[in-house]
Every structure is written in C-alpha cells, then in structure tokens.
1. Please work out if C:Val242 is touching a helix residue (DSSP H, G or I) at 6+ places or on another chain (Cβ under 6 Å) and aliphatic (A, V, I, L, M).
2. Would you please name the residue that is farthest from the other protein chains (Cβ to nearest Cβ), looking only at residues in region C:128-139 that are more than 18 Å from the chain's Cα centre (by Cα) and either aliphatic (A, V, I, L, M) or surrounded by 22 or more Cβ atoms within 10 Å (Cβ to Cβ) (or both)?
3. Does region C:106-115 contain any residue that is away from chain A (no Cβ under 13 Å), farther than 23 Å from C:Gly244 by Cα, surrounded by 13 or more Cβ atoms within 10 Å (Cβ to Cβ) and more than 20 Å from the chain's Cα centre (by Cα)?
4. Would you confirm whether any residue within region C:218-228 is among the hydroxyl-bearing types (Ser, Thr, Tyr), more than 10 Å from chain B (Cβ to nearest Cβ) and more than 30 Å from B:Arg99 (Cβ to Cβ)?
5. Can you confirm whether A:Ala285 is surrounded by 21 or more Cβ atoms within 10 Å (Cβ to Cβ), of a type outside the set (Val, Ile, Thr), at the interface with chain C (Cβ under 8 Å from one of its Cβ atoms) and within 26 Å of A:Arg83 (Cβ to Cβ)?
6. A:Thr122 is checked against (1) within 14 Å of another protein chain (Cβ to nearest Cβ); (2) surrounded by fewer than 21 Cβ atoms within 10 Å (Cβ to Cβ) and fails just one. What number does that condition carry?
7. Sort out which residues of region C:161-212 are among the charged types (D, E, K, R) and free of Cβ contacts under 8 Å to residues at least 60 places away in the same chain, and write them in order of number.
8. Identify all residues within region B:5-25 that are more than 14 Å from chain A (Cβ to nearest Cβ), more than 16 Å from the chain's Cα centre (by Cα) and among the charged types (D, E, K, R); write none if there are none.
Amino acid sequence: MTRLRDTGWTGRAVSRLRGADAGVAGPAAAPVPAAPRRAGPRRPATRLYVAGGLLGLIVLLGILAPLISPHPPNAVDLLNRVRPPVWMDGGDWRFILGTDPLGRDLLSRCLHGIRTSFAIATLGLIFSACLGIALGLVSGFAGGWVDRVIMMIVDVFISLPNLLLMLCGIALLGTETWVLVVMIGLVKWEGYARIVRGQVLYLRELGYVEASRVLGASPLRIMLRHILPNLASPLIVVITLNFPGVLLMEAGLSFLGVGVQPPTASLGRMIGDGRNYLVNSWWIALMPALVVVAVALLFQLFGDALRDRVDERADG
Amino acid sequence: MDDVLLRLRDMRVAFETPRGLLRAVRGVTLDLHGGETLALVGESGSGKSALARGILRLNQPPFTLPRTRIEGRAELRDGDRWVDLTTMPETRLAGVRARAVAMIAQESLSGLNPVWRVGRQVAEALRAADPANGRDAARAAAVAMLAAVGLPEPEAAARRYPHQLSGGQRQRVMIAMAVIRGPRVLIADEPTTALDVTVQARILRLLTGLRADRAMSMIFISHDLGVVAQVADRIAVMYAGSVVELGSVRQVLTAPRHPYTAHLIAMQPGNRTRGIRQAQTLAQVHDPLAEPAGCAFRPRCPRAADACAAMPAWQGTATAGHRCLRVAP
Amino acid sequence: MLQFMAYRLLRAVFTMFVVLIIAFLTLRFSGTPFDAMFPEGLTVEAEQALIEHWQLDLPLHRQFLNYLGTVAQGDFGQSLFTRERVWDMYAARIAPTLAVGGLALLLAIFIGIPLGALSALARGSAAERVAMWVAFLGYAVPHFVIGIGLILLFGYHWRMLPTTGLDSVRHYILPVLTLAIPTVAAIARFMRAAMIDAISQPHVTAALAKGLSRRKVATDHVLRNATVPLLTLLGLEIAGVVNGSIFVEAVFSLPGVGRILVGAVQDRDFPVLQFGVLAYAAIVVLISLVIDLLYTLADPRVRVEG
C-alpha cells in the first residue's frame with residue numbers, strides 16, 4: 001500500500017514487547033502513543049463482531065467464488081460488452097453488476113478478485129510471519145553479534161522504501177504470484193521479528209530459558225512450548241493490523257499494472273483498467289472500487305476495535 | 001472566627017466510573033485558620049487527595065469528559081466577603097489558583113513539563129499570578145526563588161531540564177513554583193512520600209520555614225503520622241470520605257477519641273504492639289465503591305455496637321470534634 | 001546527543017550503501033537487457049561488442065566500483081529504450097511531482113494538525129465525532145481509490161474540475177486533494193492520540209493548578225509535548241506522500257516521475273528504475289536524518305541520553 005506506516009497505535013501488549021528492544025531502534029522509533037484511554041463505560045464489543053463478521057462474510061464469498069459466480073471470471077463475451085448494471089437502462093439480470101469491455105461479468109470478477117487478493121495477502125503475511133518469527137527466535141536465542149547483526153538488518157529494512165523495493169523485485173523477477181508473495185514477505189517481516197525477539201529476551205531475563213535448558217529441553221522445544229504460545233495474542237493482533245496494508249499494497253500494484261496480470265481477476269487491476277472508461281462506463285471501475293473501500297473500511301474498524309480490546313485487557 | 005481563611009461546608013466529591021458512582025468525599029465540614037498548618041491524614045482511598053483537589057476543582061485533567069461531581073461549599077475569604085470556589089466560573093477560578101490557593105500535587109516529581117527548562121516553568125507560575133511581570137523580571141525572580149528553596153547554584157539550576165534534577169531537587173522546584181505566587185493557602189499533597197528519609201526531613205524544614213516566613217496557611221496531606229506530627233498544628237483524620245476526628249496535634253495524637261485514630265497511631269512503625277486483633281483490622285481496607293450503612297469503620301472497629309448501624313453525626317465544631325457514637329464529645 | 005546523531009548518520013550511510021547495492025544488482029542481474037532491446041535477436045559478435053561496451057564481462061565487484069564511480073559523477077546511464085540520459089528524464093519531470101507533493105503535504109499539515117488537536121481538546125463533542133469519522137474514512141481508503149472517487153464526483157458527475165494532466169491551476173486541485181486526504185487523516189488521528197496522551201500526563205494538571213488559563217495549558221503544555229512524537233509521524237508521512245504520488249500520477253495521468261518509474265518496471269528499463277530507487281531512498285534517508293535532528297531539538301530528554 002502507499003503508506004509505509006507501521007506506527008499508528010499499537011496495542012499495549014505489542015508495544016510493551018516492542019519496548020524490549022527500544023534501545024536498538026533509538027528513540028525516534030519508540031514514542032508511539034498508546035491508544036487513548038477511555039474514561040467512561042466500556043465500549044461494547046459489537047464493533048468488533050460486526051466488522052469481523054462482515055469481513056468473514058467477504059472472505060467466505062471469496063473462497064466460494066468459483067462456486068457462486070454466475071459466470072467464469074475470464075469468460076469473454078463480446079456480444080455483451082460494457083453492459084451497465086441491472087438497475088440501469090440496458091442492464092441485464094444475467095450480469096447483475098454489468099460487464100467490462102471484454103464482456104466479462106463484473107460480479108464474477110469481483111468475487112474472484114476478492115479471492116485472489118486475499119490469497120496473495122494471506123500467503124505473503126504467512127511468509128513474512130515465518131521469516132520474522134524465525135529470525136526473531138534466532139536473534140533472541142543466539143544473542144551476541146548474531147543478534148546485533150540481525151537487529152541492524154531490521155533497522156535498515158525499516159528505513160528502506162517498501163514500494164520501490166517491491167517494484168525493483170517485480171522488475172527483476174517478474175509478476176508471477178510467487179514474486180508478489182515473496183516481496184510482500186520481505187517488506188513486512190521485521191515487525192514479527194522484533195516481537196518474538198522481545199519475548200525471548202523477556203523470558204531469558206526471567207531465567208526461564210536457562211532453567212529449561214538445565215532440565216534438558218532442546219531449544220526447539222523451548223521455542224515451541226513456551227515462547228510461541230505466549231506470543232499468539234500479540235502476533236494475531238499484529239497480523240490483523242498488517243493485513244489490510246498488505247492487501248491494499250497488492251491492489252495498488254495491480255492497479256499500476258505491475259501486480260497480478262490479466263486475465264486473472266484482481267480488484268486493483270480492474271480499477272486500473274476501468275480508469276479510462278470512467279466517462280461513460282463508470283461501473284467498470286466503480287464496482288471493484290466499492291469492494292476495495294468496503295474491505296478497507298471494515299478492516300480499519302476491526303483493527304481499531306481489536307486494539308481497543310487489547311488495550312482494555314492490558315489496562316485490567 | 002475572625003481569622004478563618006477557608007471554610008468547607010459539607011463538601012462532597014464523587015466520580016462517575018464504569019462501575020458506578022464513587023463517592024470519594026462524603027460531606028466534610030472544616031475551617032482553615034490563617035497561619036496554621038492543618039494536616040489531612042488517612043489511608044489511601046480515604047478521600048484526602050480528592051478533597052484537596054476538590055477545593056480547586058482539579059480532580060481530573062483538563063479537556064477530558066467531565067466525570068467529577070462536586071457539591072457543597074468551599075468558601076475562600078476575600079476581604080469581607082466569602083467566595084464559593086465550587087461554583088466559580090473557570091476563568092475566575094484560574095485566578096484563585098494562581099494567586100490565592102497554590103497546590104503542590106502528589107505526583108510532584110512528574111508535575112514538571114519535561115520539555116521546558118525549570119526556570120521557565122517557575123517564571124511561568126509567577127507570570128500567571130501577576131502578568132505585570134516581564135520576562136526578564138520573572139526570570140530573575142524565579143532564580144531568586146530557586147535559591148530560597150535551597151537549590152545550590154540557582155542560575156545553573158534554572159537552565160536545567162527536569163530530568164536532569166534529582167527527586168528532592170524537583171520537589172524544591174515544585175515548592176518554588178507554588179510559593180513564588182504569594183498564595184495565602186498552600187495545599188501540599190504528600191510532598192515527601194516519594195523521597196527518602198533524609199531528603200524528607202530537609203523538605204519538611206523548607207516547607208515549615210517558608211510557611212512561617214510568608215504567613216501562609218497550609219493544608220498538609222499525608223498518610224504518615226510521624227511526618228504530620230512534625231509540621232501540623234491541627235489534624236483532620238479521614239476515613240472513607242468523612243472526617244472522623246479533628247483537633248489539635250497534641251490532642252489527637254496523645255489522646256485520640258475516634259477508634260480509627262487510635263488504630264492509625266497504633267499502626268505507626270515503632271508503635272506497633274503485636275496482637276492478632278491489629279493484624280486483622282490491618283487486612284481489611286475500605287472499598288470506596290461500597291455504600292456503607294452507618295459508620296464506615298464499623299467492620300473494623302473494636303468498639304462497634306448496634307447503634308453504629310446508623311451514620312453517626314459530627315460531634316464538635318468546624319475546628320475540633322469527632323464522629324463516633326461510642327465516645328464522649 | 002552527538003552519539004545519537006552519529007549513530008543515525010552511520011545508519012543512514014549504511015542504508016544508502018545497501019540501496020546502492022540493490023540498485024546495482026537490479027541493473028546487473030536483470031540478465032542481459034538485450035532481449036528487451038533487440039527482440040529480433042543479435043549476432044554473437046554484436047552481442048559480444050555490446051557486452052564489452054557495457055563492461056558486463058568484468059568481475060562483479062569491479063563492476064560495482066565502476067558503478068559507484070559513475071554515480072558519484074552523476075551519470076546514471078541511459079534508458080534502455082529511449083536512449084535518453086536517465087538524469088535528464090527525471091529532471092524534466094520532477095517539477096510536477098514536487099509541486100503536487102509539496103502542496104499536498106502543506107495542506108495535510110495545516111489541516112491535519114489543527115483537526116487532530118481540536119478534536120482532542122473537545123472530547124465528546126459532536127465536532128470531535130465528525131472529525132474522527134472523516135479521518136477514519138480518509139485513512140482507510142487507498143490513494144488510487146480516492147482518486148477514482150474524486151474523478152467520478154467532481155470530474156464527471158458535476159463536471160467541475162479537470163481530471164487529466166496539469167495544464168492549469170484547476171488541474172492541480174484533484175490530484176493534490178487525492179494525495180492530501182489520507183495524509184490529513186493520518187496526521188489528524190495521530191495528533192489526536194498524541195494530544196490525548198499528553199493531556200493525561202500529570203504535568204498538565206499541575207500546569208492548570210498553577211492558575212494558567214486553559215488556552216495556555218493547551219498550547220504550552222499539551223500541544224508542545226504532542227509535537228514530539230508528531231515529528232516521527234511527519235517523517236513517515238513524507239515518505240507516504242512520495243509513495244502516493246506514484247499512484248496519483250497514474251490516476252490523473254500527470255507528467256511526473258512516478259509515470260516513468262512505473263513504465264520502467266513494466267518495460268524492464270533498469271537504468272531508469274535504479275535511479276528512481278536511489279533518489280527515493282536518498283530522499284527518505286535525508287528526511288529521516290532531518291527529523292532526527294529536529295527531534296533532538298524538540299525533546300530535551302534525548303539530547304542528554306544520546
């Protein structure tokens with residue numbers, strides 16, 4: 001997405017863990033204000049459930065896209081080019097949301113576009129989470145110069161311009177799906193690494209790690225049984241907060257024409273292609289745009305509500 | 001009385017919380033005389049801070065949703081008239097805070113703005129009280145005040161930032177900020193709690209000296225009777241939002257009448273006699289959200305009786321008295 | 001403080017070095033660019049001649065040093081397709097990008113900061129809620145979608161404003177708005193959070209206890225303290241504006257550097273791409289350093305601890 005942000009406000013749990021290595025990043029990276037404390041009755045969790053529920057619905061639609069789409073998303077039908085949505089003149093119930101210049105049904109393409117975007121974003125996040133967690137564990141456990149080197153890499157990565165790097169990677173490696181996933185992974189991993197490393201250091205300070213070692217547990221076992229379960233909550237929060245950014249990043253790249261390539265349906269690409277038809281056939285761009293807006297807003301709502309929840313729990 | 005400066009009449013302070021209405025102060029009536037030091041003592045949750053802040057309506061930060069309810073009257077003497085602080089418009093109240101009643105808050109160690117130099121903050125206080133002071137005049141006065149509160153090298157100190165000073169030094173700066181305005185009443189909320197013992201003694205000496213020099217009255221809040229014994233003329237003992245005993249230092253500490261006062265005195269380190277009874281009463285702390293039926297101290301009182309199920313009335317005046325049915329007035 | 005700045009400087013230099021390596025690798029590992037340049041194919045001799053001409057037969061580290069040398073001289077090569085000098089290409093198009101970006105940033109700062117600050121000071125009021133909803137919408141929706149929306153609304157539905165190119169002052173309105181809206185939202189949200197956080201600090205109530213007017217407390221003790229974290233955000237937002245301008249230029253067909261950058265990715269025109277990466281990184285790193293410097297001025301606690 002166009003915003004490099006990783007700030008905004010982090011949940012207390014996350015920022016507490018982040019604070020464990022604040023010294024490395026320097027003060028400029030640390031002072032992100034925690035979400036404002038609320039004086040007054042607790043906000044009901046309805047925001048969380050409503051937003052989450054709607055998002056789940058959208059994801060479901062995406063997953064079921066091949067089953068519920070009225071048409072194949074790439075079925076060209078030149079007889080029905082540029083049909084407006086059904087409620088307008090010239091609309092047709094077979095193409096509820098209208099068609100694009102190649103006669104492809106917009107509803108089907110939107111559904112498949114949701115599927116594509118979410119799939120790429122999910123894979124990308126999984127990759128970055130794995131990478132980040134692995135490096136964080138190594139960094140925390142190994143300590144010493146290994147730790148310092150990895151943290152310096154983290155610092156550098158934070159300063160690097162995400163979008164430009166992704167463009168470079170895409171130019172070098174092509175626009176296949178795996179490239180997008182890897183690129184996304186590479187620009188997002190450091191958040192996870194720092195959280196995990198923070199937790200490892202924290203547990204080390206408690207003597208936990210040493211005690212387990214004395215009892216004969218292998219480092220892997222320690223990692224799996226003790227460290228990761230504690231991290232589930234903040235990691236989930238961070239993943240949820242990162243998800244929309246990644247999703248929109250892919251949409252943006254596809255919009256520019258360097259992301260998902262045709263004929264695969266992608267919401268960003270549809271908007272990009274539809275840009276030139278805004279005068280007379282505005283629905284070609286508007287329909288996917290509305291989907292993007294809906295997803296973006298719902299995620300924002302969900303993310304805010306989640307952060308509030310985490311903060312309230314942390315406040316006790 | 002002629003020299004009463006501040007009179008509180010049935011002051012009540014309550015907070016709206018997610019869990020209900022929290023009555024921190026339940027009807028306090030007392031007088032503050034000119035030139036005296038009145039101590040407010042009690043355990044945490046007794047309402048002493050809330051009361052002091054309530055006088056100046058500083059119970060919550062500015063620009064936040066109002067959740068404090070103040071009722072009753074807090075009247076400050078203004079020549080021949082009395083002005084009620086609880087209903088005064090905010091802008092006038094600011095003037096009172098600047099010139100008449102100065103407060104040294106509890107978190108005084110973080111009551112200084114970390115991004116401004118210390119001297120500037122003291123000067124700011126002076127200019128709030130008397131805007132006629134120009135920048136330079138105020139700066140000079142601030143340096144002089146820093147010297148008066150015992151900071152070595154006041155010129156250099158004035159140019160420092162709060163984080164560059166020690167806890168005791170910051171406390172002196174807070175005192176300087178308050179005293180430089182020439183208030184008639186100084187409210188000091190736990191001014192020595194966060195300091196270690198040697199520094200404590202020095203700060204207390206400073207406070208008493210300044211009070212005497214400038215003829216201020218002081219309301220001194222603490223939970224430490226030992227400290228209070230050194231500085232106060234009169235003591236008001238608070239429990240669960242009410243004043244349970246009020247009198248001169250001598251009388252209250254040597255011949256306490258309310259059972260809670262006796263308990264407090266017994267609990268002071270050095271006074272403690274071993275006893276299971278005392279250990280038990282120590283364990284139960286009053287819950288501020290609970291609405292007591294009758295006397296709030298009843299669950300912990302060794303002298304409780306059935307009659308105590310009704311809230312006992314105050315027996316005495318605004319200068320001295322107590323609130324226990326089981327003891328003679 | 002010196003220690004702090006020294007560390008920052010070191011990191012900046014190191015980052016630029018890494019970026020240079022990446023840019024260089026992008027150039028070299030893109031394979032021979034000859035396939036794209038000469039789709040008809042080359043004779044072996046012609047290819048060999050070109051390889052020698054471009055010095056592609058030297059060991060990698062030598063090539064890198066050569067590369068550093070040319071960069072130091074300001075020579076960034078030529079576009080693989082148009083044979084224009086890369087520097088000239090960018091120089092010709094930098095002005096519109098700077099204009100739109102600069103205007104958007106100014107707009108965002110002058111609207112976002114007061115918006116956020118006032119909504120923090122007026123908690124619970126209707127104005128606060130409206131402001132926060134506006135900020136919410138602006139923050140969530142990506143640049144290109146906002147652009148499309150504005151085009152539909154102001155360009156076609158109401159036919160008020162032009163939607164392509166930068167030929168007149170009116171042409172600037174929609175692109176600048178598109179670029180500014182998410183930034184305004186981000187700044188407003190952040191400012192509000194920072195102010196609310198500052199308000200809860202004990203020294204604010206202490207300032208009120210000194211008898212200062214609410215206005216003075218707001219400016220001297222709340223706002224002033226909130227600007228400290230705001231600086232960090234501004235640095236990020238500037239980078240965000242640079243990012244966003246790439247999208248805005250695509251949506252509105254503006255003759256800026258974003259267009260040639262995207263074109264370079266699509267065409268695999270690596271010399272053009274590597275300069276874009278370098279310039280962008282240099283800007284971001286420079287801004288970071290400036291922000292860090294300003295930070296030490298704003299927050300005295302940083303100066304001493306270094």
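1. Criteria not met by C:Val242.
2. Within region C:128-139, the match that is farthest from the other protein chains (Cβ to nearest Cβ) is C:Val130.
3. Within region C:106-115 (the criterion being away from chain A (no Cβ under 13 Å), farther than 23 Å from C:Gly244 by Cα, surrounded by 13 or more Cβ atoms within 10 Å (Cβ to Cβ) and more than 20 Å from the chain's Cα centre (by Cα)), the answer is no, since none of the residues qualifies.
4. There is no residue in region C:218-228 that is among the hydroxyl-bearing types (Ser, Thr, Tyr), more than 10 Å from chain B (Cβ to nearest Cβ) and more than 30 Å from B:Arg99 (Cβ to Cβ).
5. yes
6. So the condition that A:Thr122 fails would be (1).
7. Scanning region C:161-212 gives C:Asp167, C:Arg170, C:Asp197, C:Lys210.
8. B:Arg9, B:Asp10, B:Arg23
The values are calculated or read from the model by the stated rules, or taken from the named source; none is laboratory data. Note that the structure is predicted; figures quoted are calculated from it, not measured. Note: ideal-geometry Cβ built from the backbone for every residue, glycine included; neighbour counts use all protein chains shown.
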